[in-house]
Amino acid sequence: MEISKMFKRFPTLFPPIFKDCSYRLITNKLTWVLVAILMLPCALGLLVYYEFSGDRISEEVNGEKIYYTSSGELLHEDLRVLFLEISEYFGIGFIALLLGIMFSSELISEEYNLKTMQILRTSPIHPIEIFTYRYISGIITGVILLGLYSTIFYIIVMMGAGIHGILEEIGLLALVIKIVILNWIGFLSIFCAINVYFERPYLICFIYWLFWEQIMSGQNYQQITLTHYINSIIYDSLTEMGWSVTASDYGLVNSNNDTIATDPLISTFIILIVGISFIFIGSRGISSKQF
Amino acid sequence: MSTIIFEEVTKNYGRVQGISNVSLNIGPGVTGILGPNGAGKSTTMKVLLGLARPSIGSVYVDGVNPFDNFDLRNKIGFVPEYDCFYEHMSAVDYVSYFLMIHDFSKEEAVEKAENSLIELGLQDSMYRKIRTYSRGMRQKTKVARATAFNPQILVLDEPFQGADPTTRHLLMEKINSWSEEGKTILISSHILHDVEYLTDNIILINNGRVLASGNRHEIRKLMSNIPIQIKISPIDKNQLRPLVKRMLDEKWITAGRLLESEGEIILETNESEKFYTEFPQILEDEKIIVEKIVSDDDTLDSLYSKLVEGKQWK
């Protein structure tokens, strides 16, 4: 089947597949367990807000209320660090990773379990279409879910610094959402491909993430990990935003302590290439799998 | 007119043999594939559908290899034995989803899906979620999905499983009408009576090997080494002994057995035509009236028992 025909079929075929996939992802109980875990920092943020909002010092400048800590520092600069650090564990960290693994399993492995993959394989749909439509559905659903979560969490954390604080650090929210998107483009394609090839995808995905992405990303050859490129983008963006961060904060140094961060544009490009490559690897797995 | 050709096909799953050295030539009309569980029926179907690649040998469907050819998938409709649904969808959504894969526009797909489901008697429930369906309704939905795009080849794996008598009758009628349209239909079923109703063309398979294929009457004729058995029940049970004694006088009767408790005799012969020509005259001469003559000669049940299970009437 020609690529042009696949593009032509996209508007007809993608909507029902997206509807089905997003329905399955959203109605999966595990999704809501992970969402509940994601909401814990939000609940904690609300608690902290009501507990300590009276301790803030405020000043009105040009009709805008600016909040300070008791030591006289800008409150939003304190809170933004909190937002980023917690996001690195939740919205763009470990919990998001678990969500990605779960999504990939629901999108691909479940089709094998339901035996709908056998029916798809006897239907005139190319394995690239089978894989890509599910992958894109996963990205859209995941990004909407984590984007919404990040926005809610951002508002809850930053509301202590008032409207001024929320607007002042909006670039940080944009950065987190950008990282969510890139994370999902890169990692979801790898996880989906793992689901095509392995019968215990949860375990393999987790082993891959732990040994490849976590251990290798602190080494001299970390450029072979996606984490390196994600960290490079975060590091570069924070530097641009005027944060005082160093490359070593993000593990972007080699054993000689030389900075080895990659240019953000190149990093984005590499993440996209990885995403596309694993579409082909996964599709190949679907077409060659025998029943 | 579509043809399916297997050329000495062997399919191994690791060290387990699925099918061995299978050669088949299936043309238009209904062909029944019969065999016990694990005989290789599903593997044969998977190889034909391109779900499994032969380890040895070649398969051609309309002259092309089904494993690599996408266009061929527009010609084949498959009804699997197992459930394969997106349970949260309605039957219309499910069937139209697959029709869109066959390049129908959304409107066309929905219309065709509705028509197909109505034809199969699901008009009252086709907008309900599949998860609420009974087994028979699920079976009809699978058949609707496989046939709505008017394929030239139909592969039906246990299509009557779980179907109530009405559904079974309806499906049989549909299969017969598709056969009359010139479609090539391969059907597997454990219910021999159903297959017998649909077709005389059968493939008997066991332990991954084809034991026999072709017209079942022809197959029976070729089995000359296995005598034909005929059960006879006279109205007057006192005539059981004289009848068996009289029949054993004939050279073409190779054996006779008296089953007094069942009120019948079993005769064995290698010359069935002679039996059917001469037996009425013998009855007339001996003034014996029989209420029942049952031959095992070419019923599907009998062929299956002899070839697959290796047994005859005791």
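Tell me the per residue accessible area of the protein assembly as shown using a 1.4 Å probe; a whole number in Å² is fine.
For the protein assembly as shown, the solvent-accessible area averages 46 Å² per residue.
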Segments B:13-19, B:212-218 sorted - mean Cβ within 10 Å per residue, highest first: B:212-218, B:13-19
CD proxy, 222 nm, chain A: helix-only mean residue ellipticity via -39,500 (n - 2.57) per DSSP H run with n ≥ 4, per residue, nearest 500, stands at -22500 deg cm²/dmol
In degrees from 0 to 90, rounded to the nearest 10, what is the angle of the helix B:106-119 Cα long axis to the longest principal axis of chain B? 20 degrees
Report, to the nearest whole %, how much of the accessible area of the range B:223-313 belongs to carbon and sulfur atoms, 1.4 Å probe, protein only. 46 percent
Taking a cut-off of 17 Å between Cα atoms, list the aspartates and glutamates near A:K65, but don't count ones fewer than 8 places away on the same chain. A:D55, A:E73, A:E77, A:D78, A:E168, A:E169
Hey, what's the Kirkwood Rh for the range A:13-288 if you take every pair of different alpha carbons, in angstrom? 20.1 Å
Any idea what the dipole of the protein assembly as shown comes to, in debye rounded to 20, about its Cα centre with Lys/Arg Cβ at +1 and Asp/Glu Cβ at -1? 1480 debye
With each label point set 7 Å from Cα along the Cα-Cβ vector, what nm distance links A:M159 and B:E181? 6.1 nm
Modelling each spin label as a point 7 Å along the Cα-to-Cβ direction, I'd like the A:Y49/B:N150 distance in nm, to one decimal. 6.2 nm
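Pairs of Cα atoms under 8 Å, at least six residues apart: use those to get the relative contact order of chain A, whole percent.
Reported relative contact order: 21 percent.
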Report the accessible area of B:H88, computed with a 1.4 Å probe over the heavy atoms of all protein chains in place, in Å² rounded to the nearest 10. 30 Å²
On the Cα set of the range B:223-313, report Rg and Dmax in Å, please. 13.0, 39
As straight-line cross-link partners of B:K274, the qualifying lysines (C-alpha separation under 29 Å, not fewer than 8 residues apart within one chain) are B:K221, B:K231, B:K237, B:K245, B:K251, B:K287, B:K292, B:K306, B:K311, B:K314
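Give me the summed buried accessible area for the B-A pair, 1.4 Å probe, to the nearest 100 Å².
About 2700 Å² of accessible surface is lost on pairing.
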Whole-Hz Karplus ³J(HN,Hα) for the range B:35-44, in order, using 6.51 cos²θ - 1.76 cosθ + 1.60 and θ = phi - 60°, x for Gly and Pro? x, x, 4, x, 6, x, 5, 5, 4, 4
Provide a list, ordered by number, of residues in the range B:31-77 showing at least 40 Å² less accessible area with every protein chain present than when their chain is taken on its own, using a 1.4 Å probe. B:L51, B:F67, B:F70, B:R73
Have a look at B:D200, B:D249, B:D157 and tell me which one the Gaussian network model of chain B (Cα, springs below 10 Å) gives the largest fluctuation. B:D249
Above-threshold pairs, the threshold being 20 Å between Cα atoms, out of B:K112/B:K174; B:K46/B:K129; B:K46/B:K142; A:K8/A:K178; B:K41/B:K112: B:K46/B:K129; A:K8/A:K178; B:K41/B:K112
Length-normalised contact order of the range B:1-66, Cα under 8 Å, at least 6 apart, in percent, tallies to 42 percent
Counting only protein heavy atoms and a 1.4 Å probe, tell me what percentage of the range A:13-288's accessible area is made up of carbon and sulfur. 65 percent
So if we plug the beta-carbon distance of B:Y197 and A:R200 into 1/(1 + (r/R0)^6) with R0 = 60 Å, what FRET efficiency do we get, rounded to 0.05? 0.85
The range B:4-215, accessible surface, carbon-and-sulfur percent (1.4 angstrom probe): 45 percent
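Over the Cα atoms of the protein assembly as shown, Rg to Rh with Kirkwood Rh, two decimal places?
1.19
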Please report, in whole Å³, the volume per residue of the convex hull around the C-alpha atoms of chain B. 161 Å³
Tell me the accessible surface of B:D236 in square angstrom (1.4 angstrom probe, heavy atoms of protein chains only), to the nearest ten. 70 Å²
Give me the inter-chain shielding for A:35-46: mean count of other chain Cβ atoms within 10 Å, whole number please. 0
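Roughly how crowded by other chains is peptide B:96-107, in terms of the mean Cβ count from those chains within 10 Å of each of its Cβ atoms? Please list the in-between numbers first.
Working: counts 1, 6, 8, 1, 7, 12, 3, 6, 1, 1, 4, 0.
Shielding by partners across B:96-107 averages 4.
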Specify the angular offset, from 0 to 90 degrees and rounded to the nearest 10, of the alpha carbon long axis of helix A:29-52 from the longest principal axis of the alpha carbons in chain A. 0 degrees
Can you pull the one-decimal nm distance between simple spin-label points at A:V245 and A:T12, each 7 Å off the Cα toward Cβ? 4.7 nm
Plugging the Cβ-Cβ distance of A:E2 and B:T277 into 1/(1 + (r/R0)^6) at R0 = 51 Å yields, to the nearest 0.05, a FRET efficiency of 0.15
Does anyone have the angle between helix A:75-89 and the longest principal axis of chain A? Alpha-carbon axes, 0 to 90°, nearest 10? 20 degrees
Restrict the search to the range B:49-146; then list the trypsin sites (Lys or Arg not before Pro) that DSSP places in a loop and that have at most 15 other Cβ atoms within 10 Å of their Cβ. B:R128
Relative contact order of chain B, defined on C-alpha pairs under 8 angstrom at six or more residues apart (%): 19 percent
How large is ³J(HN,Hα), in whole Hz, for each residue of the range A:137-151 in order, when computed from phi with the Karplus curve 6.51 cos²θ - 1.76 cosθ + 1.60 and θ = phi - 60°, using x for Gly and Pro? 4, x, 4, 4, 5, x, 5, 4, 5, 6, x, 5, 4, 4, 5
Using 1/(1 + (r/R0)^6) with R0 = 25 angstrom and r between the beta carbons of B:Y82 and B:T132, what's the FRET efficiency to the nearest 0.05? 0.85
Please compare each pair in A:K115/B:K11; A:K5/B:K106; A:K115/B:K140 to a cut-off of 19 Å on the Cα-Cα distance and tell me which ones are over it. A:K115/B:K11
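The values are calculated or read from the model by the stated rules, or taken from the named source; none is laboratory data. These figures come from a predicted structure and were not determined experimentally. We place every Cβ from the backbone using ideal geometry, glycine too, and count neighbours over all the protein chains shown. Surface areas here come from the heavy atoms of the whole protein model, side chains and all, with no ligands, DNA or RNA. Shrake-Rupley method; radii C 1.70, N 1.55, O 1.52, S 1.80 Å.
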